[in-house]
Amino acid sequence: MKIAIAGGTGVAGTPTRKAVRKAGHEAVILSRSQGVDLVSGMGLDAALTGVDVVIDTANVTTLKADTAIEFFTAATGNLLTAAADAGVGHIVLLSIVGIDRMPHDYYAGKIAQEKIVEASPVPWTIQRATQFHEFAGQMFARAKAGPLHIAPRARTQPIAAHDVGVRLAALAAGDPQGRTADIAGPREEALDAMIKAWARANGHRGWVPSVNIPTAQMKGMREGLALPGAGALLADETFDEWLAARSSTP
């Protein structure tokens, strides 16, 4: 199959691209580095020629609801229009567990994105996943008070981006499923503890205080609203195992 991956160079897109190719399919990367701009639609029509399935892992870094809604509405809207025109038979969207329970901040954009996909003429599958193990390093880099790194408190059940990529590639090779079962890691973790462990494993020796971030989204995560339900599919690799494997890699 010929499978296009929006955001195919990102944290989720990179392992998805690798999984698609490992499964024997042709992967087409939809990213600015490949001459495709999802927000403006530039290059989409040409890139989707002959494509059977689209996997949407595109993302924007923001905590603002308006920014997230604007991005996902434009990017996924353009992607779906071009996919319909190109005769694409299936779109697989990566989304996030629990966004309907805390429709605030960045998650407001993901809800808007899901609604666009659900209204699309292109047959669809929406795969919600929990936060990635990689989220710890992202939060260490972004969550700062001046020069001080901080560790936001939250309850999460993280999964490796690699496992998400394998799941998305498998879904793309199958029939559209609508909303499919959520996926998550094997056990609940404390986000602040994950961030501190990541920092130590990567040579940081400074103080990283745990803090409560006073946004609606983070409050919901502290209350456990981002945790998966009983019907979720659980991957095997724990955060500690994931971190140990990367810390031992030269």
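The values are calculated or read from the model by the stated rules, or taken from the named source; none is laboratory data. Because the structure is a prediction, the values reported are computed rather than measured. Every residue, glycine among them, receives a Cβ derived from its backbone with ideal geometry; neighbour counts consider all protein chains shown. Surface areas here come from the heavy atoms of the whole protein model, side chains and all, with no ligands, DNA or RNA. Shrake-Rupley method; radii C 1.70, N 1.55, O 1.52, S 1.80 Å.
Please sort by residue number the trypsin sites (Lys or Arg not before Pro) in region 138-198 whose DSSP state is loop and whose Cβ has at most 15 other Cβ atoms within 10 Å.
Loop-located and lightly packed - Arg187.
At 1.4 Å probe size, with the rest of the protein present, what percent of the exposed accessible area of the chain is carbon and sulfur atoms?
Working: 5920 of 11030 Å².
Using a 1.4 Å probe with all protein chains present, the chain comes out at 54 percent carbon and sulfur.
For the pairs Lys18/Lys219; Lys115/Lys196; Lys110/Lys219, flag any whose C-alpha to C-alpha distance is greater than 25 Å.
Too far apart for the 25 Å limit: Lys18/Lys219; Lys115/Lys196.
Excluding same-chain residues fewer than 8 positions from Lys2, which aspartates and glutamates have a Cα within less than 18 Å of its Cα?
Straight-distance partners of Lys2: Glu26, Asp45, Asp52, Asp56, Asp85, Asp175.
Diagonalise the Cα gyration tensor of region 87-181 and give the resulting equivalent ellipsoid semi-axes, square root of 5 times each eigenvalue, largest first, whole Å.
Equivalent ellipsoid semi-axes, largest first: 29, 16, 11 Å.
Dividing the convex hull volume of the Cα atoms of region 105-250 by its residue count, what figure in Å³ per residue is obtained?
Each residue corresponds to 127 Å³ of Cα convex hull volume.
With springs only between Cα atoms under 10 Å apart, run a GNM on the chain and tell me which of Ala65, Ala141, Ala181 wobbles the most.
So, out of Ala65, Ala141, Ala181, the one fluctuating most is Ala141.
Select from the chain the helices, each a whole stretch of DSSP H, whose alpha-carbon atoms run 24 Å or more along the helix axis and whose Kyte-Doolittle mean is at least 0.0; answer none if there are none.
TM-like helix candidates: 65-86.
Mind ranking 98-107, 18-27 by how tightly packed they are, going by the mean number of other C-beta atoms within 10 angstrom, highest first?
98-107, 18-27
Would you mind telling me the antiparallel percentage of the DSSP bridges in the chain, rounded to 5?
15
Would you mind working out the accessible area per residue for region 1-131, using a 1.4 Å probe, and quoting it in Å²?
Heavy-atom SASA per residue in region 1-131 reads 40 Å².
Just to compare against my own numbers: the Cα pair-distance distribution for the chain, 10 Å bins, whole % per bin, please.
Answer for the chain: a P(r) of 8, 31, 36, 20, 5, 0 percent.
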